[in-house]
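Colleague: Please find one structure pasted underneath; my questions will follow.
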Amino acid sequence: MYLHPLIASVPQEERAAFVQRIELRSYRRNEVVLGADDWTDRVYCVATGLLRVVVQGSEDSGDVTTDFIRQDDFFLNAAPIEERYQPGAMLIAALPTSLYLVPTLELRALCERYPAVTMGLLEIVMKRTTVLRRQIRQISSASSERLISRILHELTVLAPGTGGGYDKRITQSVIASYSGLSRMQVNKTMRDLERRGLVRRDEHGVYVPPHFASSDFQELAPGEASPPSPPADPPGEVGPSFFSELFEAPKSSKPRKG
């Protein structure tokens, strides 16, 4: 979901002031953005790239990826309520990622002045909770092939590659972490899908067929070729381009080095 519907009701002058308080940072792939025990007073909004939400598993299972934060979505946790908070999970850049760091106090102030912002945040939290419940249900009930197929399609939405498919920098280890399966099981299943012609790789990405197209982000009827394109924004309405303009990095912002 784009962030812009949250602040579409905020007057232009106040939106401009809000943008000036936002910081832009860049992270390398696999770089830790936020530790589970770190304190922060920011909401993390993905400008480009992809974040993983990771919790510490057992010694045998290792770290577990519980969620992905894709472009134009953001990590909330307790941020809108608490001035400072500990996330309880790590944020890791799954791909080279740029983030907008939004001060929680500024966001909370908007919530207090504009009820539509509060309702928008509540809707996002509810949708994310639904996604997590579906993920738990899939892990507990689906076969390994069905589960992996579903995740491969999700990745085409979360981390789209050039010319279709998903970015090949998303490793089988990440897929294993998200699916609750072992790295060996993921490798075996994906090799079998490749052998049967259901998965294809090249230098640009990993490609999956249309009948894999069922995920928590875009649910399609069996056999539907591709997700429908979003309708054009009617005149005078706010569209995705507004998000890019709104969150244009302030001139004083500097990408994080290293």
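The values are calculated or read from the model by the stated rules, or taken from the named source; none is laboratory data. As the structure is a computational prediction, the values presented were derived from the model and not from experiment. Methodologically, a virtual Cβ is constructed for each residue, glycine included, from the backbone with ideal geometry; neighbour enumeration extends over all protein chains shown.
Colleague: Does segment 130-140 include one or more residues that are under 23 Å from Ala47 (Cα atoms) and either assigned to a helix (DSSP H, G or I) or over 16 Å from the mean Cα position of the chain (by Cα) (or both)?
Modeller: Within segment 130-140, one or more residues are under 23 Å from Ala47 (Cα atoms) and either assigned to a helix (DSSP H, G or I) or over 16 Å from the mean Cα position of the chain (by Cα) (or both).
To keep it simple, each residue is scored yes or no on (1) in the same structural domain as Ile7 (by TED's automatic domain parsing); (2) part of a helix (DSSP H, G or I); (3) modelled with pLDDT of 85 or more; (4) not aliphatic (A, V, I, L, M).
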{"site": "Ile151", "(1), (2), (3), (4)": "no, yes, yes, no"}
{"site": "Glu154", "(1), (2), (3), (4)": "no, yes, yes, yes"}
{"site": "Val174", "(1), (2), (3), (4)": "no, yes, yes, no"}
{"site": "Val186", "(1), (2), (3), (4)": "no, yes, yes, no"}
{"site": "Val206", "(1), (2), (3), (4)": "no, no, yes, no"}
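Colleague: Another question, if that's okay. Here is a list of conditions, (1) of a type in the set (Gly, Ala, Ser); (2) assigned by TED's automatic domain parsing to the domain that holds Ser9; (3) at pLDDT 80 or above, and Ala159 meets all of them except one; can you say which number that is?
Modeller: Just one mismatch for Ala159, condition (2).
Colleague: Here's something else I'd like to know. So which residues in segment 17-69 are closer than 20 Å to Ala159 by Cβ, of a type in the set (Val, Ile, Thr), at pLDDT below 95 and surrounded by fewer than 19 Cβ atoms within 10 Å (Cβ to Cβ), if there are any at all?
Modeller: Answer for segment 17-69, where residues must be closer than 20 Å to Ala159 by Cβ, of a type in the set (Val, Ile, Thr), at pLDDT below 95 and surrounded by fewer than 19 Cβ atoms within 10 Å (Cβ to Cβ): Thr48, Val64, Thr66.
Colleague: Pull up segment 156-172, narrow it to residues that are part of a loop (DSSP other than H, G, I, E, B) and in contact with a helix residue (DSSP H, G or I) (Cβ under 8 Å, 6 or more places away or on another chain), then point me to the one that is farthest from Asn30 (Cα to Cα).
Modeller: Gly164
Colleague: Still on this structure: Being outside any strand (DSSP E or B) and modelled with pLDDT of 90 or more is the filter; apply it to segment 88-100 and report the residue that is surrounded by the fewest Cβ atoms within 10 Å (Cβ to Cβ).
Modeller: Pro96
Colleague: In segment 70-86, which residues are surrounded by 20 or more Cβ atoms within 10 Å (Cβ to Cβ) and either at pLDDT 90 or above or more than 19 Å from Arg133 (Cα to Cα) (or both)?
Modeller: Across segment 70-86, the qualifying residue is only Ala79.
Colleague: Are there any pairs with C-beta distances below 8 angstrom linking a residue in segment 192-209 that is among the small types (Gly, Ala, Ser) to a residue that is outside any strand (DSSP E or B) and surrounded by 13 or more Cβ atoms within 10 Å (Cβ to Cβ), with the two at least 6 apart or on different chains, and if so which?
Modeller: What qualifies is Gly205/Gly161; Gly205/Gly164; Gly205/Gly165; Gly205/Lys168.
Colleague: So, one more: So if I check each of Glu145, Glu112, Glu154, which one is surrounded by fewer than 18 Cβ atoms within 10 Å (Cβ to Cβ) and closer than 19 Å to Thr65 by Cα?
Modeller: Checking each option against the conditions leaves just Glu145.
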